[in-house]
Amino acid sequence: MTGSTGPGIGQRAPEIDLPDGQGNRWRLKDSNGKVVVLLFYPGDETPVCTRQLCSVRDNWTRYLETGAEVVGINTDPVDKHRRFAESHSLPLRLLSDSEGNVVRDYDMKSLLGTRRGVVLIDGDGVIRYRKTVLPVFRPTDDEVLAAIKSVQSG
């Protein structure tokens, strides 16, 4: 799906096939059966984004305990993702959507690039949670973890 409507809760998630910060391909279809958390964020090494992803890092054990797959996505290039992840010891994959197709497909495009938001996809590939926030704010880990548990419990 493209355009300004984007897929909503209860709709099939558009496929994702993007390189991560190491240049490895990540495909949504390879995560079938797992809850997937897409963390859309405006940019690497920006103050709010750095705080957000470092907070995910600091709560990584809690994320791992859910069994969900958690990935970050924006339009920054692979190289920038690699440096950002190394600089802050980030454990999650950062996907490079340099063409902006996934950002558009999920209606996470803003005038300045990528909107800040969270999309949770269940094990069947259906969107079960979706939230966007103003760029100066960030979703809390407790909020995201609660949403994961809610999706897993049906």
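Please treat every number below as a calculation from the coordinates, not as lab data. Just so it is clear, the model here is predicted, and its values are computed rather than measured. So basically every Cβ, Gly included, is an ideal-geometry build from the backbone, and we count neighbours across all protein chains shown.
A few remarks follow.
- Cross-link reach list, lysines versus LYS149, counting only Cα pairs under 26 Å and skipping chain neighbours closer than eight places: LYS29, LYS34, LYS131
- Each of VAL70, VAL48 was scored by other Cβ atoms within 10 Å of its Cβ. Arranged with the fewest first, they read VAL48, VAL70.
- Which of HIS88, ALA13, LEU28, positive extreme of dipole for the chain (C-beta unit charges): ALA13
- Among PHE137, PHE84, PHE40, sorting on how many other beta-carbon atoms sit within 10 Å of each Cβ, with the fewest leading, yields PHE137, PHE84, PHE40.
- Options (i) 16.6; (ii) 18.9; (iii) 15.2 - which one matches Kirkwood radius over Cα pairs in Å as calculated here: (iii)
- Computed about its Cα centre, the charge dipole of the stretch 1-142 is approximately 240 debye, with only Lys, Arg, Asp and Glu carrying charge at their Cβ.
- Inter-site label distance for VAL133 and SER89 at 7 Å from Cα along Cβ, in nm: 2.4 nm
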